[in-house]
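Shown next, in C-alpha cells, is the structure this report addresses.
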Amino acid sequence: MPCHMTKIHTSYLIKQINVNEIIMLKIKNLHAGIEGKKILKGIDLEIKVGEVHVIMGPNGSGKSTLASVLAGRETYEVTEGSVEYLGKELLEMSPEDRAREGLFLAFQYPVEIPGLSTTNFMKTAVNEIRKYRGEEPLDAVAFLRMMKEKMALVNIDQSLLSRPLNEGFSGGEKKRNEIFQMAMLQPKLAIMDETDSGLDIDAIRIVSDSINKLHTKDNAVLLVTHYQRLLDYIIPDYVHVMYNGRIVKSGPKELALELEEKGYDFIRHEIGVAEEA
Amino acid sequence: MNTLSYFKDKLEHFRITGNGDGLHAIRKNAIDAFTSLGVPTTRNEEWKYTRIGGIFNKDYQFDVRPVFTAKDLDDVRLPGHEQSNELVFVNGVFSSELSTIRSSGLAVLPLEQAAHNEYKDIVAKHLGHSSQYVNDGINALNTAFAHGGVFVEAKKGQVEHPLYIYHVADASDGNIFAQPRSLVYVNENARLQIVETFVTIGSQESFTNHVIEVVVENDAHVEYYKIQGDSNRASQVSTTHIRQVGKSYTHSVVISLNGNIIRNNLNVIFDADHCESHLYGLYCLENETHVDNHTVVDNAKPSCFSNELYKGVVGGDATGVFNGKIFVRKNAQKTNAYQSNKNILLSETASVNAKPQLEIFADDVKCSHGCTVGSLDEEAQFYLVSRGLSKQSARALLLQAFAIDILENIKPEPIHKYVEQLIAARLEIDTL
C-alpha cells in the first residue's frame, strides 16, 4: 500500500521541518448549491500558511462556486460540511467580516461601477478594515503614500485608478485592478477566480509577476483556473483537480502538466476506473 | 370659508375692480382660465399620478402679516450667500427689505413697476408665456394672483455673483398658501446663475404655487438650480419656464429631497436656431414624499441640442413621477434631443411612474429616450462587501456613485458642496 506509506511519511516530515505550519483553511465535506441544484458535493481541502494551491477542472465542475462560497456570496446555499479559516468558522462570518479577517476574492468578472473611482473605493475599504481592527483611519497623505507604493508594486497606472471602477476597462485592466486591490488590502488568503481568463500572454505575465510579489511565507494563495498556462509563471505547491463537485485528484505541480497533456478526459477515465474498482 | 370659494370671491372682486396696474389684462385672462379649468384632478392626463385636490380642502390664512425677520433669514440662508445676490419672497410676496443685490449687472424691481416703465414691452411679451405649456388651473391661479412678484434683468456680461432666490413660507400662525411669481430677462451675452430654494418655517403647513419665467437672449448663458429640501408639511407646484429666444445655452439641475407633494414643471423652449440646453434632475426620497417632475423640451426652431438626465432614488413609502416630453416641430430639422430617466427603488413600498414622450414632426432629427427602474445591483453590492465594506456603506457608495453625474453639474461650488452633504446625509454616508 504505497499510498498509506506516503501518508505516514508526510506527517512525519511536517513534524520534523516546521513547527510553525499553521492551517489557514480547512474545508471538510463541503456541500453547496444554488436554487436546489447541487454543485459542490463534498469538498475536502487543507491549505497551510505560505502555500500556493491550484484548483483546476473542466467548465461546470464547481471551481467558481467554491470560490464564491468561500467569499460568502449569499446566492449559494451551504447544505453540509464546514470551513475553518485560521481557527474560526468561516461559514458563520458575514462576507464583509471574512474580508476584514484577511480573505480576498479576485473576481472572475469584476463589476463595473460608474461614478465610483478605484481610489475612493479602496480608501473606504482600507479604512473600514482598519476600523474593524481597532486602528485609526489613514489620513489622505498616508493613504496616498500607500497607494503609490502598491501601484509601483503591481505596475498599474494612476489614470486607471481615477477612472470609474472597471467601467470600460479591458479584460486585462480589470484583472490588474483586482490585483491592485489585493495589494492594497494585503490579504492572508487570496482566492483568484479565473484570474487568467481573457488575458493575452503579456497580461498573464504581468498579473502573475504581481501575484508572485504579493505571495509571502505569511499568506496563502488559492488559484482557480481552467488552463495550465498560468502555471508557467506561478509555481504551486499543490494541484487539485475538481470534477463534478468533488476534488478527485491532488498532487504536486507536475499534475498540471499531465492534465495539459492528456486533457480532462483522462480524469474522467480515471474516475470511471476507480468507480468500477 | 373654504379655500376654493375664497379664491372665487377674490377673483370675482379682481375681475370687476381691477387694480389699474399693467398686469391686469393678463390677470383677467388667467381668472377666466382658472374659472373654467379649476384645480386639476387625476382625470387630467398631466396630473394622472399627482393628487393635489387635498391641498385645496385645507384652510389657509391669506391676510396675516408674516413675522419673518432678517434674523430669521440667517437660519435659512444657503452656503455662499455672502458672495451672492439674494431675493427673498415671504408668503409669495417679494420683500425688498430682506433682499440684497450685490451685482451691478442686475436690475431688480417689483413686477408691477416693470410693467409700467422701460421694461413694459419685455413684460408684455414674455410674462405668462408658460401658460401655453402648462395649461392648467394651477398655473392660471398663480397668474390670476400675480402681485408682489419680481422682475430681474441680467445686463450684458458676466453677472458676478449668483442669484439666490428664497421662497419662505411663514407658517407660524396658520397654513400658508403662497404664489410667488418672477420674470427674469437675460440680455444678450449675459451670464447668470440662479439658485432657488423653498423653506417653510413654523409648525403649520404650506403650499407654494410657484412660477418663474426666464427669457434668454442671443449668446447668453444661464444656469438654473432648484433645491427642494423643505419640511414634509410643505407642498409645491413649481413651474420653471425657460424660453431661449436667441442662440443661447442653458443648464438646469433640479434636486428634490424632502416635502409632502412636489410637482415640478420644467419647460425649455427653443425659440431660436442653435440653442443648447442640459436638464438634470435628482430626486432622493423617503417617507411619504411625492415628487413629480414634468419636463418639456420644445424644439420650435431647427438645429438645437438638448440632453436630459433625471435620476431617482426612492425609498420608504415615497413616490417618484417622471414625465418627459420632447417636441420637435415640423421645421425643426437637425434637432438633437436626448433623454434618460433612471430609478433605483430601495423598498417594497416605494414606487416610480415614468413616462417618456417624443412627438416628432420633422424628419431629419436625432432623438432618443430611455428609462430604467430597478433595485440596487446585488452583484455590485457583493463586490464592495467582499472588500470589507459594511452592507450599509456599500449601499451608500453605490447610491452616491449613481447620483454623482447629476451632482457634478452643480457648478457654484458652495451649492455643490451643500447638496453633496445633503445627499450624503440622506444616504447615511460616514464622511471618512
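The values are calculated or read from the model by the stated rules, or taken from the named source; none is laboratory data. Remember, predicted model here, so these are calculated numbers, not experimental data. Neighbour counts run over all protein chains shown; Cβ positions are idealised from the backbone, glycine included.
Filter the stretch B:179-212 for residues that are surrounded by fewer than 24 Cβ atoms within 10 Å (Cβ to Cβ) and not in a strand (DSSP E or B); which is nearest to the chain's Cα centre (by Cα)?
B:Glu205
Restricting the search to the stretch B:344-388, which residues are free of Cβ contacts under 8 Å to residues at least 12 places away in the same chain and within 14 Å of chain A (Cβ to nearest Cβ)?
B:Glu378, B:Glu379, B:Phe382, B:Tyr383, B:Val385, B:Ser386, B:Arg387, B:Gly388
Determine whether A:Ala183 is within 14 Å of chain B (Cβ to nearest Cβ), among the hydrophobic types (A, V, I, L, M, F, W, C), closer than 29 Å to A:Ser64 by Cα and not in a loop (DSSP other than H, G, I, E, B).
yes
Run down B:Gly374, B:Gly388 and say which single residue is under 30 Å from A:Glu128 (Cα atoms), crowded, with 16+ Cβ neighbours inside 10 Å and either touching a strand residue (DSSP E or B) at 6+ places or on another chain (Cβ under 7 Å) or of a type outside the set (Ser, Thr, Tyr) (or both).
It is B:Gly388.
Does any residue of the stretch A:256-273 turn out to be buried (at least 18 other Cβ atoms within 10 Å of the Cβ), at pLDDT 90 or above, touching a Phe, Trp or Tyr at 6+ places or on another chain (Cβ under 9 Å) and farther than 20 Å from A:Pro110 by Cα?
Checked against the condition, which is being buried (at least 18 other Cβ atoms within 10 Å of the Cβ), at pLDDT 90 or above, touching a Phe, Trp or Tyr at 6+ places or on another chain (Cβ under 9 Å) and farther than 20 Å from A:Pro110 by Cα, the stretch A:256-273 yields no hits at all.
What's the number of the only condition in (1) surrounded by 16 or more Cβ atoms within 10 Å (Cβ to Cβ); (2) within 30 Å of B:Phe327 (Cα to Cα) that B:Glu359 fails to meet?
Going through the list (1) surrounded by 16 or more Cβ atoms within 10 Å (Cβ to Cβ); (2) within 30 Å of B:Phe327 (Cα to Cα), B:Glu359 breaks only (1).
Run B:Arg395 past the list (1) farther than 25 Å from B:Glu276 by Cα; (2) more than 13 Å from chain A (Cβ to nearest Cβ) and report the number of the one that doesn't hold.
The one condition B:Arg395 does not meet is (2).
Being buried (at least 16 other Cβ atoms within 10 Å of the Cβ), more than 11 Å from chain B (Cβ to nearest Cβ) and modelled with pLDDT of 95 or more, is that true of even one residue in the stretch A:123-131?
Scanning the stretch A:123-131 turns up no residue that is buried (at least 16 other Cβ atoms within 10 Å of the Cβ), more than 11 Å from chain B (Cβ to nearest Cβ) and modelled with pLDDT of 95 or more.
What number of residues in the stretch B:159-178 are in a loop (DSSP other than H, G, I, E, B) and not hydrophobic (A, V, I, L, M, F, W, C)?
7
Keeping to the stretch A:90-122, report how many residues are more than 9 Å from every other protein chain (Cβ to nearest Cβ), under 19 Å from the mean Cα position of the chain (by Cα) and crowded, with 22+ Cβ neighbours inside 10 Å.
Residues in the stretch A:90-122 being more than 9 Å from every other protein chain (Cβ to nearest Cβ), under 19 Å from the mean Cα position of the chain (by Cα) and crowded, with 22+ Cβ neighbours inside 10 Å: 2 in total.
Every residue in the stretch A:34-72 that is in a strand (DSSP E or B), more than 14 Å from chain B (Cβ to nearest Cβ) and farther than 26 Å from A:Asn219 by Cα, please.
Result: A:Lys37, A:Lys38, A:Ile39, A:Lys41.
For the stretch A:159-180, which positions are assigned to a helix (DSSP H, G or I) and aromatic (Phe, Trp, Tyr)?
Of everything in the stretch A:159-180, just one residue is assigned to a helix (DSSP H, G or I) and aromatic (Phe, Trp, Tyr), namely A:Phe180.
Please work out if A:Thr75 is within 19 Å of B:Leu398 (Cβ to Cβ), more than 9 Å from chain B (Cβ to nearest Cβ) and not hydrophobic (A, V, I, L, M, F, W, C).
no
Among the listed residues B:Ser182, B:Ser238, identify the single one that is touching a residue at least 40 places away in the same chain (Cβ under 8 Å) and in contact with a His (Cβ under 7 Å, 6 or more places away or on another chain).
B:Ser238
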